Amino acid sequence: MIKNVQIKANETGLVFKNGNLIDVLKEGKYWIFGNKSVEIHEMKNKFNSENDIDLLLKNETLVSMLEVIEVKDGEIVLLYEKGIFKEVLNVGQYAFWKGILNREFQKIDLTKVEITEKISKTILENMKLKNFIRKFVITNQYKGLLLIDGKLEKVLDSGTYYFWNNEISVDVKSIDTRMQQMEIAGQELLTKDKAMLRINFYVRFQVENIEKALMENKEYDKQLYILMQLALREFVGALTLDELLVKKDNVGKEILENLGNKADDLGLKVSDAGIRDVILTGEMKEIMNQVLIAEKKAQANTIMRREETASTRSLLNTAKLMEENEVLWKLKEMEYMEKIADKIGDITVSGNSNIVSQLKEIFAK
């Protein structure tokens, strides 16, 4: 049996007899005699054969033409052709033809967590690497803690972080480092004089030590809420209602001073606090309204008494002047007579002529 075989450029022929590789054919035309078979391989492609690769690699000619890559457990290999990422080689044995394409192989150790190899983010985001990568994103104004196997490794600033995906647990806890405001609303408190109030309070804070906030404390924001609640209760309980209303604007400052290092222990920096509203309960509201009405009445009475006193003093001064000056007395008398005359429309006179003389005498004076 004779076969004519032509091997083109960038091709290689493998001649088999009884399953054994007996010859390697390069470019050219060949006559194949007897019970032999020929496999033709394109050298730009990865080497694949139906025969056992371990047996094929015993042929020295073929071995010299191939680059053999072995990928062990806990490894992958990144294949680049002409500098472009092509595929991921998993565990196994691979062979590639030499001299046709400029191929590069980057071996990756998956048993470690951090990516120490020089790999661009574009390749790390490639879908072919999706199952081998763990990705964490820390947005702007946030910070994060890197925990490997539950153990704190380091603090991470905002950015995108990649880690190899393996049996080692990796977790990133992030936290907002911007200024935040907490509302402590509807606090029903008793003052020193047993007045029941409802107070709305606020506090502004910022996470300053992320390790303390996340690792040494559980739910730091709830703990801060309770601290401020207790501090407010203690402060209000030491003041009477009147004292509280007078000191209302300074309550936040005094509470923060009394807070001491308790906020620092939570990893927080408290910058501002204060009372937003003081609301009187139903009964207290009525009592305060009554007090306010009584105060206003007292003020009105005081003003009236002051005016009456001033009026009386003015009359007294006028009387003294009139007593000392007869002309002033007559002028005052004429002033009143003029006021009386203005209110008289008609005068009816009855009687003898003596009445007219008497009126004439009065007005003549």
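Bear in mind that the values in this text are calculations on the coordinates, not laboratory data. All of these numbers come straight from a predicted model, not from anything done at the bench. Every residue, glycine as well, gets a Cβ built from its backbone with ideal geometry; the counts of neighbours run over all protein chains shown.
Some notes on this structure:
- Gained length - ALA238 relative to THR111, 0.36 nm times residue gap less alpha-carbon distance: 39.5 nm
- Relative exposure of LYS44, LYS29, judged by other C-beta atoms within 10 Å (fewest first): LYS29, LYS44
- FRET efficiency estimate (nearest 0.05) - Cβ-Cβ, LEU124 to ASP249, R0 51 angstrom: 0.40
- Over segment 46-186: Kirkwood hydrodynamic radius from C-alpha pairwise inverse distances, Å: 18.4 Å
- Förster radius 41 Å - calculated FRET efficiency between VAL68 and ILE168 (Cβ-Cβ, nearest 0.05): 0.85
- Scanning residues 5 or more positions from ASP272 or on other chains, those with amide H under 5 Å from its amide H are ARG204, with H placed 1.01 Å from N in the peptide plane.
- Once both labels are positioned 7 Å from their Cα atoms along Cα-to-Cβ, the gap between ARG134 and LYS194 label points is 6.2 nm.
- Ranking of VAL246, VAL270 by neighbouring Cβ atoms within 10 Å, starting from the fewest: VAL246, VAL270.
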